[in-house]
Every structure is written in C-alpha cells, then in structure tokens.
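Have a look at the structure below before the remarks.
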Amino acid sequence: MILIKSASTLSLYLSDQKNKGLITGFIPTMGALHEGHISLINHSLQRDDIVISSIFINPTQFNDEKDFRQYPVTLNQDILLLEKAGCQVLFLPPIEEIYPDGISYNTHFELGYLGTILEGAYRPGHFQGVCQVMERLLKIVMPDHLYLGQKDYQQCKIITQLINQLGLEDKTKVHICPTLREPDGLAMSSRNRRINKEVRKNADGLYIALTHIKNNLKPGSMKTVFNEARSILDAKGFDIDYLSVADAGDLEILKDFRDGRILVALAAATFNEVRLIDNMLLSTD
Ligand code: AMP
C-alpha cells in the first residue's frame, strides 16, 4: 500500500493511473477502522483497479468539541488492516492539505430540506462540515466510484446531493453498502470503542427498537409502534434524540404508514455517553 500525505502528489499519481485506463474506487474514513470500513474496501476491490482510502478526522463536522477530542485514533492498526484488506493507496492528509486557507474560510453549501431534518436538526453545522471535506476529497481523488455506508443514511443522501451540485454525477458513481453489525445487532462504529464493557450488553437497544418497528408496522398511524420502540430504548438506557420513519428516497418524515413506498426507520440516541445512530430499511431489508 502506498501512503500519500500531499493532495497534489495524490492527484498526480491518480491521473497517471487513470491515463492508463485504470478504474478508481474511493473509501473516505475518519479512521479507527472496523469491519464495516473494510467491507467498503472489499466492495471496491471487486469493481475497481485501484482502491484508495483516506483517513482524516475532519474537525469541521464535529458540532461537539468533546466528541472531536475523544474521537478514537488507531492509526497503526488502521494501516495494518487496510494493507491486509488489499487497499492500494492510503491518503493521510495533514489539516493544511484539506483546508489550505484555514477552517474558518469554508464554503457554505445549500443543503435544502435534507440539511434541516434528523442529524441536520440535532447536529448544527455537521453536514456543512461533511460537504466541506467531501468537496475537497472528491476534487483531489476524482474517483470513478465512491463507497459509502448505509449506516450513515442521511449522509449518503447529502453526499449524493453534493455530487450533483458539483456536477460530478457523470464522473463519480455512488455505491451505498450495507451496514455491518456486531452479532447482537449493534451497528459497527468507531465510537463503539467508548462504550463501557459493563453496559455493552444493552447497546443492542437501537437495533432491537428498529427491528420492532420493521416487524410491527401496519398501515395507518405509527404512534403505537413508535411508543413501543421508545419504551425499548428507555428500558435499555438510551436517551433518544430522534426515532423517525421516512421515505427512503427523499427522507420525507412520515407520521402514517401507507403501503407502496419504500421506507426507512432512522434513530439517534445517546447510550453510556456515546451518541449512536442507526437505520433500517422497512420494506426490502
Ligand atoms: P467514518 O469513519 O465513520 O466516517 O465512516 C467512513 C465510512 O464507513 C462511511 O461511509 C460510513 O458510512 C461507513 N461505515 C461506518 N460504519 C459502517 C458499518 N457498520 N457498516 C458499513 N459501513 C460503515
């Protein structure tokens, strides 16, 4: 695996490869890698000639300074995992390579409705930060394929919208890959490392609550099923930010369930001081 820290070196290297007709796949990450990240690498390996990953803990997407400071860093282990998985290029930029003018001179993106709901409502500025880093990374890497995890469902929508806004939709195709889970259903996440071992057994609450919604949704009002799902989360010690059902396409938040639409249940809640998010497709999962 080649490790590159400079944006211009990476762009130059990749344009050489593309001139040879090689197809590139890109997996951006913030490190503290787990099997979920590696599954994205594996998706790319199946389709692309060159698999590029990046590790950059993007300060502008943290609306909570403490969350940023506590974000796990496991770089040596990450490098070993990526190498073992068969990733060919790792982009490891220092902050100046991503924000050459400093983080206070960033572009503001029009996120529209998608920026106002769910994570957008609970984490002000978060998606601006996501778009800032993704715009820069996309322009440096210019991948043929971009691999994102369904785990961050709304982020997938925001980044797809960004790619359209940047006019890159013919250049970069987005692939949304399934969420990898622990055996008890907890979605794998870098933040899971911060959950205390003594309470870890209750961290399956989000998965159980989402599964409950999926299995018990009936046409009509969703009030009862929401109340039951909320009770599951309460009993497991979760402090809920949101628990919603939305149209899987445009993320319109729905109060009543009607057949004929593909729906997704999305949730965010704090467990043992760790904020977790998860989602589940209700019709095709
Ligand atoms: P992060 O390092 O958390 O920014 O995540 C980098 C990429 O990995 C994003 O596209 C995430 O959606 C994806 N990802 C994170 N967790 C999982 C998971 N459990 N399964 C599949 N993909 C994931």
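The values are calculated or read from the model by the stated rules, or taken from the named source; none is laboratory data. Predicted model only: the values in this text are computed from it and were never measured. All Cβ positions, even for glycine, are placed from backbone atoms using ideal geometry, and neighbour counts span all protein chains on display. Ligands, DNA and RNA are stripped out before the accessible areas are found, and what is left, the full protein with its side chains, is counted by its heavy atoms. Shrake-Rupley method; radii C 1.70, N 1.55, O 1.52, S 1.80 Å.
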Given Lys173/Lys218; Lys20/Lys84; Lys157/Lys201, the pairs whose alpha carbons are separated by over 27 Å: Lys173/Lys218; Lys157/Lys201
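Please give the FRET efficiency for Tyr242 paired with Lys5, using the beta carbon to beta carbon distance and R0 = 35 Å, rounded to the nearest 0.05.
Between Tyr242 and Lys5 the formula returns 0.40.
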Hypothetical label at Glu83: residues of the stretch 45-68 whose amide nitrogen lies under 11 Å (7 Å Cα-Cβ projection): none
Percent of all alpha-carbon pairs of the stretch 162-285 at distances over 20 Å, whole number, is 48
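Tell me, what is the per residue accessible area of the chain in Å², probe radius 1.4 Å? Mind showing how you got there, number by number?
Numbers: 13280 Å² over 285 residues.
With all protein chains present, the chain gives 47 Å² per residue.
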Carbon and sulfur %, accessible surface of the stretch 190-278 computed with the full protein complex present, 1.4 Å: 48
The stretch 50-75 residues near the modelled Ile95 label - backbone nitrogen below 17 Å, point 7 Å along Cα→Cβ: 55-73
Would you please put 111-122, 28-39 in order of how densely packed they are, using the mean number of other Cβ atoms within 10 angstrom per residue and starting with the highest? 28-39, 111-122
Which value results when the Cα radius of gyration for the chain is divided by 2.2 N^0.38 Å? 1.02
Under the classification rounded if a/c is under 1.5, otherwise prolate if a/b is larger than b/c and oblate if not, where does the stretch 135-202 fall, given a ≥ b ≥ c as square roots of the Cα gyration tensor eigenvalues? prolate
With a 1.4 Å probe and every protein chain kept in, tell me what percent of the accessible surface of the stretch 3-120 is carbon plus sulfur. 53
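Grab the Cα-Cα distance for Gln70 and Asp234, subtract it from 0.36 nm times how many residues apart they are, and report the gain in nm with one decimal. Display every interim value, and only then the final one.
Values: separation 164, 0.36 × 164 = 59.04 nm, distance 2.53 nm.
Gain in length upon complete extension: 56.5 nm.
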R0 = 22 Å: FRET efficiency of Tyr122 with Lys255, Cβ-based, nearest 0.05? 0.70
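Do the sum for the chain: with -39,500 (n - 2.57) for every DSSP H run of n ≥ 4, divided by all residues, what is the mean residue ellipticity at 222 nm, to the nearest 500 deg cm²/dmol?
Rounded to the nearest 500, the figure is -11000 deg cm²/dmol.
Sort 15-25, 85-95 for me by packing, meaning the mean count of neighbouring Cβ atoms within 10 Å per residue, highest on top.
In decreasing order of mean packing, 15-25, 85-95 become 85-95, 15-25.
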Accessible area, 1.4 Å probe, largest first: how do Arg47, Arg191 sort? Arg47, Arg191
